[in-house]
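Before any comments, here is the structure.
The values are calculated or read from the model by the stated rules, or taken from the named source; none is laboratory data. Computed from a predicted structure; not experimentally measured. Virtual Cβ from ideal backbone geometry, glycine too; neighbours counted across all protein chains shown.
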């Protein structure tokens, strides 16, 4: 029982990037844990807590049709990964093995920290590109198409998301070992789960350093002020530096895309944008 509790708390910590870097230094890719699997119990738990809070505060529970669509998208994404399992990391590993400029030590905390920052920086630019380049919006529109904002929305992804992400990170392959990169690739995505919440208020001084639910609510809004804002994943610094930051303020945010999909069909949600290219 204690092992289950410890495992749950560890997974909950991963959702907030809380860990000891020295315990997550790996020489080989095969030794890197499946953090997604380890965080699943905590992820389910916070979804339940969110709905309990809805009941306590007299608010509507999540819409069943929207939530089922979100979960369906998550299942499709996982099924799509099966034939490509391991292939995407091969691209990064091939560059590292054949073209790396310098080999940073895998067992150094400084390498771990540099990769943490580098992964977040690359994600910012990939995320920004998927919003501002028409063709790349295909990879991201499914995630923004929900008109709800709750903890099932992180599951609502394009089946192409994983492929797009891996291509984004290849510059780090010139010096960051694949095993360390794989750690942060997973954790950077996991950190974004809790950002999809309407319940968590602005977090004071932390708002100036980290991406918070307040920032991400703006990002998911279809209000004019919200369009193409707050692309960061972990550090909000990038948005401040590159002119894409927008505070939530007192704005009443309307979630979803500017042209609503009008469907909960999982396949239509995935490929709707193809008709607009």
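Observations, loosely collected:
- Picking from residues in the stretch 1-27 that are assigned to a helix (DSSP H, G or I), without any contact (Cβ under 8 Å) to a residue 24 or more places away in the chain and over 21 Å from the mean Cα position of the chain (by Cα), the one that is farthest from residue 190 (Cα to Cα) is 2.
- Count - residues of the stretch 91-104 that are loosely packed, with under 12 Cβ neighbours inside 10 Å and in a helix (DSSP H, G or I): 3
- Residue tally, condition within 27 Å of residue 198 (Cβ to Cβ), at pLDDT below 90 and surrounded by fewer than 17 Cβ atoms within 10 Å (Cβ to Cβ), over the stretch 128-180: 1
- Residue within the stretch 60-78 that is modelled with pLDDT of 80 or more, over 20 Å from residue 146 (Cβ atoms) and assigned to a helix (DSSP H, G or I) present: no
- Members of the stretch 202-242 found to be in a loop (DSSP other than H, G, I, E, B) and surrounded by fewer than 18 Cβ atoms within 10 Å (Cβ to Cβ), listed by number: 202, 203, 209, 222, 223, 227, 228, 242
- Complete set of residues in the stretch 28-56 that are surrounded by 12 or more Cβ atoms within 10 Å (Cβ to Cβ) and in a loop (DSSP other than H, G, I, E, B): 32, 33
- For beta carbons closer than 6 Å, sequence separation of 6+ or different chains, a first residue in the stretch 204-225 that is touching a residue at least 24 places away in the same chain (Cβ under 8 Å) and a second that is assigned to a helix (DSSP H, G or I), the qualifying pairs are 216/195; 218/226.
- Residues of the stretch 105-120 classified as out of contact with any strand residue (DSSP E or B) (no Cβ under 8 Å at 6 or more places or on another chain) and not in a loop (DSSP other than H, G, I, E, B), total: 10
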